[in-house]
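The values are calculated or read from the model by the stated rules, or taken from the named source; none is laboratory data. Remember, it's a predicted structure, so these values are computed and weren't measured experimentally. Heads up, the Cβs are rebuilt from the backbone with ideal geometry, glycines too, and the neighbour counts pull from every protein chain shown. Only protein heavy atoms, including side chains, enter the accessible area calculation; ligands, DNA and RNA are left aside. Shrake-Rupley method; radii C 1.70, N 1.55, O 1.52, S 1.80 Å.
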Amino acid sequence: MIMSRISGPRIAEPLGPLDRRVNAWREDLADIALAGQVAVPHYARPVPHRVLRQVPMLSADSSSSAAVSELLPGEQFAVLDSGHGHAWGFSIADHYVGHVPLDALAPADVGPQGMIGPGDALLFRAPSVKAEVAATLPLGARTGWQDHDERFVTLTDGAHRGCFLHRRHLLPGGGDTSLDWVEVALSFLGAPYRWGGRSRAGIDCSGLIQLSRQVAGHACRRDSDMQFADLDEDVPLDAARRGDIAWWPGHIGILLDGGMLLHANAHWMACRIEPLADVVARAAGGTGPAEPRVRRP
């Protein structure tokens, strides 16, 4: 693991509270990009790595720690420090901070990458849909590739290097803006709810929105409050339309019209569509607001 640290006394004038979810700093170490904002004994230059497999991003350097997010194969993670078998740093796509097992990382490859989509993709051992299936890559995974023929590309990096991927399952590396992100989100119907999840194997409310928008070429941060804060067009609930975002503190969903909500939720432990009135009724039994705030992407 290549590391680069700068040590010694530093003078920094804090510019206000820094959200540790997206600003990598601890009492002993910080991202060098924060040198003018936090004073710590050491700073580190982020070293990009590639994620080899689907893996949770954890809140601490222990496999028993709670998940805060999830990384998909081929996504990149910037390493600032390592210990106890884990790397500490942030996901390059959304700058989200956490810990990842060291054995899930490899040096970042240089070269063009594609994104898997608009659904999960089978990888074949030969350039034929009749060939043996070697593995499945989840929607949103990244991979290096090169042309093989008019139907297939060959993967050039990762654990499945040399396998074949049908072009129907290959999007530009930054996603495809021609896709309807709500349709992408609808493809997760029935997926189990999983805190921190970002795939059909398990997804949470903000992961559903983030991944669906990323696949459709839109930058999107990780948590529900961030996603809501990044939208600035408030919409009255009675004027809501398909694709508007409904947000409660701690939960977020996608309105399909004024009356139906698509969301991954722990009540049903699944991603499903249900009447907004039912969700509002459940929320009314809690301590927060019953009706959501609505904003339009």
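Numbers for the structure displayed
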read-out: Subset of segment 87-99 that is within 14 Å of the chain's Cα centre (by Cα) and not hydroxyl-bearing (Ser, Thr, Tyr) - its residue that is nearest to CYS220 (Cα to Cα); value: ASP94
read-out: Enumeration of residues in segment 159-169 that are without any contact (Cβ under 8 Å) to a residue 12 or more places away in the chain and surrounded by 16 or more Cβ atoms within 10 Å (Cβ to Cβ); value: none
read-out: Strands (runs of 3 or more DSSP E) wholly inside segment 34-92 that include at least 1 residues being touching a His at 6+ places or on another chain (Cβ under 6 Å) and among the aliphatic types (A, V, I, L, M); value: 55-58, 76-83
read-out: Condition broken by ALA108, with the remaining ones in (1) aliphatic (A, V, I, L, M); (2) open to solvent by 30 Å² or more (accessible area, probe 1.4 Å); (3) in contact with a Phe, Trp or Tyr (Cβ under 7 Å, 6 or more places away or on another chain) satisfied; value: (3)
read-out: Segment 170-190: number of residues that are in contact (Cβ under 8 Å) with a residue 60 or more places away in the chain and surrounded by 17 or more Cβ atoms within 10 Å (Cβ to Cβ); value: 8
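Conditions (1) exposed (fewer than 14 other Cβ atoms within 10 Å of the Cβ); (2) touching a residue at least 12 places away in the same chain (Cβ under 8 Å); (3) out of contact with any Pro (no Cβ under 8 Å at 6 or more places or on another chain), marked per residue:
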site	(1), (2), (3)
PRO118	no, yes, yes
LEU123	no, yes, yes
LYS130	yes, no, yes
ALA141	no, yes, no
GLY144	no, yes, no
ASP157	no, yes, yes
